[in-house]
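Working notes for the structure below.
Coordinate-derived values only; no laboratory data. Remember, it's a predicted structure, so these values are computed and weren't measured experimentally. With ideal geometry, Cβ positions are generated from the backbone for all residues, glycine too; neighbour counts draw on all protein chains shown.
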Amino acid sequence: MIRPAALLSLLAPLVLVAVVTAAAPRLVNDYAVRVLIVMCINAVLVASMGVANGFTGVFSLGHVGFVAVGAYASGILSLPLAAKHAYLSDLPHWLGSFSLPFLPATIVAGLVCTALAFVVGAPLMRLSGYFVSVATLGFLIIVNVILINAVDYTRGARTFTSVPRETTLPWAVGWLAVTLLVLSRIVYSPYGRRYRAVREDTIAAQAIGISVLPTRLSAFMVGAFFAGVGGSLYGHYLGSFSPASFYMAYTFSLISMLVIGGMQSLTGAVAGVIVVTLASEVLRNLERGIDFGAFSVPPLYGASQIVLGIIFILVMIFRPSGIMGDRELTPGLLYSRKRRPPEEYL
Amino acid sequence: MKRTGLFGCGALLAASFGLALTAGSGVAEADSIKIGAPFNVTGSLSSLDAPALNGAKLKAKEINAAGGINGKTIDLVVYDTKTDPTVIASVASQLLNSDKVPVAMGFTDSDSALALGPIFQQAGVPFVTPGATSPKLPEQVGTDMFLACFGDNVQAAAGAEFVLNKLNGKNVYLLRDNSTEYTTLLAKYFDEAFTKGGGAIVGRDDYKSGDKSFTAQITKLKASAQKPDVLYIAAMPDDIGLVVKQMRQAGVTQPIVGGDGYDTPLLLSVGGKAANDVYYSTHAFMAPTGSTDAIAKFYTDYKAAYGTEPENAFAALGYDTVGLIADAIKRAGSEDPAKIRDALAATKGYPGITGSITYPGDSRVPQKTVTMIGVKGDHLTLGAEVTPSWLPAP
């Protein structure tokens with residue numbers, strides 16, 4: 001049976017896509033559009049990171065490894081033939097002789113990451129707690145080293161450039177809508193309840209017949225698919241990137257967004273991205289110095305990072321489970337005056 | 001209550017974001033010409049970008065004090081891009097759409113220039129980089145990208161000739177940072193030029209920018225069968241002090257040679273006494289005496305303006321780049337980006353303090369001489385001025 005709320009939750013993203021993409025370029029300038037695109041890409045990445053890290057409780061530090069694989073895989077596939085000959089002349093013939101459009105390249109990148117997640121996750125998802133964090137960090141490092149050394153495929157440490165810059169706002173918003181739709185369908189399905197059961201009490205979950213490994217592995221693979229998609233969006237947004245773009249700095253930036261927003265909520269992931277991105281953009285513009293006419297503040301470059309750090313600390317002190325905690329902002333809230341207990345609408 | 005707080009926060013953020021958007025597009029003064037200046041003032045490239053920006057500001061101030069160009073003052077529109085490609089892309093569109101700059105200058109590395117370049121190329125606005133030395137850059141980005149410095153193939157060839165002729169080194173051990181475009185290309189060009197000049201590379205090894213221990217590389221170096229006369233290390237500014245220090249502590253006494261990544265105060269401040277017998281190729285010798293008069297004047301003015309000595313040659317490159325752009329705007333007699341581009345491309349013999357700048361033919365990489373600097377004790381001395389006789393293809 002389809003409740004109106006469920007229908008709305010299906011339609012809302014589509015309406016949002018239409019409205020945002022039609023209105024944004026007319027209302028605001030290219031800079032704001034760029035900030036929106038970056039927010040959408042980061043929201044795809046953080047929401048997909050939340051599936052394993054928040055819902056399943058497997059705190060992976062390797063998510064950016066999949067983002068990197070996604071960016072490079074889609075980049076290699078969609079690089080125009082002329083650029084392939086110029087920059088990647090040593091590619092195997094079957095890879096070097098064709099060039100895919102943006103959408104198929106993105107989907108293939110997602111699938112490559114899913115397959116990789118299966119291989120990596122099969123042993124790693126047996127681990128819990130700190131061990132899995134350290135092990136997945138190892139995965140990130142391995143990906144980085146491979147990208148730097150697989151010179152024939154990635155140009156090594158040199159900038160991977162000439163990727164068509166095709167990530168426009170409609171693409172970014174569209175993929176965000178797809179990501180949120182698919183992830184919310186999964187994590188709030190009966191199967192998705194297993195994620196949280198495994199997170200809350202592994203032994204109790206096993207006792208009622210949930211096998212831990214397939215549950216965690218499926219969450220890890222779903223997250224990896226959208227990490228690959230997000231990586232492709234990011235690569236096609238920047239046009240040129242290097243292995244250094246996908247390493248510790250990006251990992252911690254995504255994790256801070258996830259933790260600030262609330263790890264156990266998809267709304268939280270989006271909220272975290274919006275808050276952190278807007279805060280860093282605003283602070284970045286303010287630190288250039290303000291002129292009020294009567295008095296002026298000189299530029300203080302680097303102040304934005306410090307203020308951002310302080311904001312993170314404050315959020316963690318006053319809202320340790322993030323802005324949203326484990327709550328979701330669902331269309332259902334708009335109907336019911338009284339908020340239902342979480343169990344019911346989750 | 002909690003919820004109100006949350007929404008309050010959100011509203012405040014949104015409001016200040018709007019403020020930032022409008023602040024960027026503030027009142028454009030009709031009597032000034034805007035020059036965009038994105039630089040990585042913070043992040044891993046700050047030790048090169050910050051001096052370059054200071055140099056640029058100094059030249060802008062001097063031009064304005066002398067009456068500006070075509071009756072207008074110049075206004076540097078500075079942004080900190082934080083060594084982050086995402087920020088660089090956002091700043092590029094801020095410069096083009098909010099500030100509407102007709103020309104821009106910035107960066108000392110190819111990665112940043114490649115992140116920004118295509119966006120400027122698409123808008124048809126010329127961009128001059130003071131210090132990104134990849135000679136491939138103009139060809140990768142397009143007709144609106146210019147270098148104000150020599151290419152890495154030139155400085156690597158100069159380094160190779162310096163090792164062969166001045167240090168009498170025939171066998172070189174090549175160590176490179178394999179995590180950046182600059183260091184990998186520099187090592188490749190050095191390899192080509194040095195082998196072409198009759199030298200031999202007796203061993204090679206890699207490390208990664210940000211490594212804190214070089215024990216593995218040093219052990220391999222000491223175990224190599226053929227002892228090298230000289231080490232050529234292609235390194236980023238953040239690492240070079242530490243590399244040199246650990247090499248010397250481990251008893252490696254051979255001269256160490258490298259590129260303009262060494263041209264940072266970190267070489268002496270981190271390397272200390274260990275930096276003795278280190279040589280590097282760079283754009284100009286920054287010293288109050290022993291260099292050209294123009295450099296000496298720049299040295300004094302820079303010290304007066306910022307209270308510190310020019311940290312490295314990138315300060316002078318930033319200074320020259322603003323001069324180069326101002327010269328082009330003057331000759332174009334217009335603030336039309338296309339006309340400024342054509343005037344830039346037609347630059348012949350602009351007298352910069354880092355050498356005269358000419359763009360030969362269709363090239364957007366200038367011909368310049370290379371300065372070799374040596375460390376003796378704990379201070380820098382001018383090693384040689386080299387115009388390489390043979391250049392590796394970019």
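If you rank A:85, B:283 by fewest surrounding Cβ atoms within 10 Å, what's the result?
Starting with the residue having the fewest Cβ neighbours, the order is A:85, B:283.
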Debye equation applied to the C-alpha atoms of the protein assembly as shown, log10 I(q)/I(0) at 0.12 Å⁻¹: -1.38
Ranking of B:61, B:82, B:376, B:136 by count of other Cβ atoms within 10 Å, fewest first: B:376, B:61, B:136, B:82
Order of A:48, A:128, B:179, B:334 - criterion: other Cβ atoms within 10 Å of each residue's Cβ, fewest first: B:334, A:128, B:179, A:48
Backbone HN-Hα couplings from phi across the stretch A:194-201 [Karplus 6.51/-1.76/1.60, Hz, Gly and Pro as x]: 4, 3, 6, 4, 5, 5, 5, 7
Exercise: per-residue mean of other protein chain Cβ atoms within 10 Å, A:26-38: 5
Global geometry of the stretch A:237-293, whether rounded, prolate or oblate, following the gyration tensor of its Cα atoms and the 1.5 cut on a/c: oblate
Whichever lysines have a C-alpha closer than 16 Å to that of residue B:196, once near sequence neighbours (fewer than 8 apart) are set aside: B:170, B:188
Most fluctuating residue given options A:312, A:98, A:295, as computed from a GNM of chain A linking Cα atoms under 10 Å: A:295
Loop-resident sites, the stretch B:254-351, for trypsin sites (Lys or Arg not before Pro), counting at most 12 other Cβ within 10 Å (DSSP): B:348
Cα long-axis angle, helix B:313-332 against chain B (0 to 90 degrees, to the nearest 10): 50 degrees
Rounded to 5, percent antiparallel among DSSP beta bridges of the protein assembly as shown: 35 percent
Cα long-axis angle, helix B:181-196 against chain B (0 to 90 degrees, to the nearest 10): 40 degrees
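Over the stretch A:4-247, what is the relative contact order in whole percent, taking alpha-carbon pairs under 8 Å and six or more residues apart?
Working: 362 pairs, mean separation 95.0, N = 244.
Reported as a whole number, the value is 39 percent.
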For residues of A:234-243, the mean tally of beta carbons on other chains within 10 Å: 5
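Compute the Rg/Rh shape ratio of chain B: radius of gyration over Kirkwood radius, all on alpha-carbon atoms. Let's see the in-between values first.
Numbers: Rg = 22.0 Å, Rh = 21.8 Å.
Rounded to two decimals, Rg/Rh equals 1.01.
Counting Lys and Arg as +1 and Asp and Glu as -1, each charge on the Cβ, what is the dipole of the stretch B:238-360 about the Cα centre in debye, to the nearest 20? Working shown, then result.
Numbers: 10 positive and 14 negative charges, 30 e Å.
Around 140 debye, computed over the stretch B:238-360.
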Among B:252, B:103, B:141, residue whose mean-square fluctuation peaks in a GNM of chain B (springs only between Cα atoms under 10 Å): B:252
Average other protein chain Cβ within 10 Å of Cβ, residues B:79-91: 6
Phi to ³J(HN,Hα) by Karplus 6.51 cos²θ - 1.76 cosθ + 1.60 over the stretch B:173-179, Hz, x for Gly, Pro: 9, 9, 10, 9, 7, 8, 9
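Tell me, what is the FRET efficiency for residue A:202 and residue B:219 to the nearest 0.05, using R0 = 56 angstrom and their Cβ-Cβ distance as r?
Numbers: r = 45 Å, r/R0 = 0.80.
After rounding to 0.05, the efficiency reads 0.80.
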Nonlocal amide H pairs with residue B:146, under 5 Å, H built at 1.01 Å: B:127, B:128, B:129
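Computed FRET efficiency, Cβ-Cβ of residue A:312 and residue A:27, R0 35 Å: what is it to the nearest 0.05? Could you put the intermediate results ahead of the total?
Working: r = 31 Å, r/R0 = 0.88.
According to the calculation, E is roughly 0.70.
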Burial order of peptide ranges A:233-239, B:265-271, B:207-213, A:89-95 (average beta-carbon count within 10 Å, highest first): A:233-239, B:265-271, B:207-213, A:89-95
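With the cut-off at 22 Å, tell me which of the pairs B:59/B:368; B:212/B:245; B:100/B:348; B:34/B:72; B:82/B:368 have Cα atoms farther apart than that. Can you show the working numbers first?
Values: B:59/B:368 20 Å; B:212/B:245 11 Å; B:100/B:348 28 Å; B:34/B:72 10 Å; B:82/B:368 30 Å.
Pairs exceeding the cut-off: B:100/B:348; B:82/B:368.
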Length-normalised contact order of chain B in % [C-alpha pairs under 8 Å, at least 6 apart]: 18 percent
Residue B:230 long-range amide H proximity, modeled H, under 5 Å: B:171, B:173
Between the stretch B:158-202 and the stretch B:263-296, the alpha-carbon center distance in angstrom: 20 Å
